[in-house]
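The values are calculated or read from the model by the stated rules, or taken from the named source; none is laboratory data. Just so you know, these numbers come straight off a predicted model, no measurement behind them. All Cβ positions, even for glycine, are placed from backbone atoms using ideal geometry, and neighbour counts span all protein chains on display. Please note that ligands, DNA and RNA were not included when accessible areas were found on the heavy atoms of the full protein model with its side chains. Shrake-Rupley method; radii C 1.70, N 1.55, O 1.52, S 1.80 Å.
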Amino acid sequence: MSKISPMVQPLVEHVARAWQAFDHSAGRSWCVTPAAPILFFGDLHAYRDSPLRLLTVGLNPSLREFPNDEPFRRFPLAEGCVARKPSRYLDAMSAYFRTNPYRGWFSTFEPLLNGMEASYYEGRASTALHTDICSPVATNPTWSGLNEDTRSVLAADGTSLWHMLLEELRPQIVALSVAKAHLKRIKFAPKTNWRVILAFERTASGELRSRPYEICARWYDVGGERSLFIFGAAAQKPFGKLAADQKRAAGELLLKAYGDGR
């Protein structure tokens, strides 16, 4: 039996639980197959070596991660039974943004990350990872189209796994852009209350918004790390009510807020 590297060992149980969540869903009409669970998206090694450990958060993977014509186009290393081996599986997740990422969705996070001197891709000071708070399992329909019973089945495995994963990854900044109700899923010990740290009263074109778009922040303890969680409501896509320049400006201010609050 081959040895598991020190980089992989801490995540062996997480990988097993991701596959367990997938196996619990396999065969259901809403579970995308053929597919694999997605514990995270992005380069794990580069994330761990980054000066700033930054995660983004969604609900669960898109069905577009496993296209009908070529299901493992985005995760070629995750095809077949060998993909259940922890090292192979983590390599598959880490290669995502170097392979064939679903840019139409992830590009909406990029300007915010760039403002924090980070990116999912190479070329910035820090490399970010993406995670999903509800489930690592891709579904059809998407989360909003699933009934409550199905969401409960998925979240029973997925939300606890997400907490385990973050305790291991120890992020310093966590950016969420989901429906506000999902903030109740966060079970880490809070250090502060949520507070508005940034409000956009106008659109990118200068028009006055009917309601300011607010970005809120709260400090949590995550695996012994003081971690700044930032939240902005989603609008079909993450931080979708902000233009790219506004997201970059928000990222710069959020990075300062993290530095000031450490």
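When a/c reaches 1.5 or more, the comparison of a/b and b/c decides; with that in mind, is the range 82-176 rounded, prolate or oblate per its Cα gyration tensor? Prolate, since a/c reaches 1.5 and a/b exceeds b/c. Between A189 and K256, the FRET efficiency from the beta-carbon distance, with R0 = 30 Å, is close to 0.75.
Mean-square fluctuation check for the chain, GNM, Cα pairs under 10 Å: which of Q236, Q172, Q246 is largest? Of the options given, Q236 has the highest mean-square fluctuation. Multiplying the residue separation of E201 and M164 by 0.36 nm and subtracting their alpha-carbon distance yields 9.6 nm. If R0 equals 45 Å, the separation of the Cβ atoms of R211 and V82 corresponds to a calculated FRET efficiency of about 0.35.
Shape verdict for the range 1-118, please, from the Cα gyration tensor: rounded (a/c under 1.5), prolate (a/b greater than b/c) or oblate.
Working: a/c = 1.83, a/b = 1.14, b/c = 1.60.
The shape class here is oblate.
The charge dipole of the range 1-62, taken about its Cα centre with unit charges on the Cβ atoms of Lys, Arg (+1), Asp and Glu (-1) only, comes to about 60 debye.
Between N100 and S5, the modelled labels are 2.5 nm apart [label points 7 Å from Cα along Cα→Cβ]. Of the accessible area of the range 41-183, computed with a 1.4 Å probe over protein heavy atoms only, carbon and sulfur atoms account for 47 percent. A protection proxy built from the mean count of other Cβ atoms within 10 Å ranks the segments 69-81, 173-185, most packed first, as 173-185, 69-81. Highest GNM mean-square fluctuation among G224, G42, G58, for the chain modelled with Cα contacts below 10 Å: G224. Computed about the Cα centre, the dipole magnitude for the chain is approximately 440 debye when only Lys and Arg (+1) and Asp and Glu (-1) carry charge, each at its Cβ. Given that just one value was derived from the coordinates, which of [x] 13.6; [y] 15.0; [z] 14.3 is mean projected area of the Cα convex hull in nm²? Matching the structure shown: [z]. Think of the chain as having a plus end and a minus end, set by charges on the Cβ of Lys, Arg, Asp and Glu; of L242, L39, A18, L242 sits farthest toward the positive end of this dipole. Taking Cβ atoms as reference points and 14 Å as the exclusive limit, the residues near G223 contribute a net charge of +2, counting Lys and Arg as +1 and Asp and Glu as -1. Approximating the spin labels as points 7 Å out from Cα along Cα→Cβ, the N68-to-D23 distance works out to 3.0 nm. Could you tell me which of rounded, prolate or oblate describes the range 120-262, using a ≥ b ≥ c as the square roots of the eigenvalues of the alpha-carbon gyration tensor, with rounded for a/c under 1.5 and, failing that, prolate when a/b is larger than b/c and oblate otherwise? Here the range 120-262 falls in the oblate category.
Dipole magnitude for the range 1-123: computed about the Cα centre from +1 point charges on Lys and Arg Cβ and -1 point charges on Asp and Glu Cβ, it is near 280 debye.
For the residues S152, S119, S210, a GNM of the chain with alpha-carbon springs under 10 Å puts the largest fluctuation on S210.
Between A244 and T142, the contour length at 0.36 nm per residue exceeds the alpha carbon distance by 34.2 nm.
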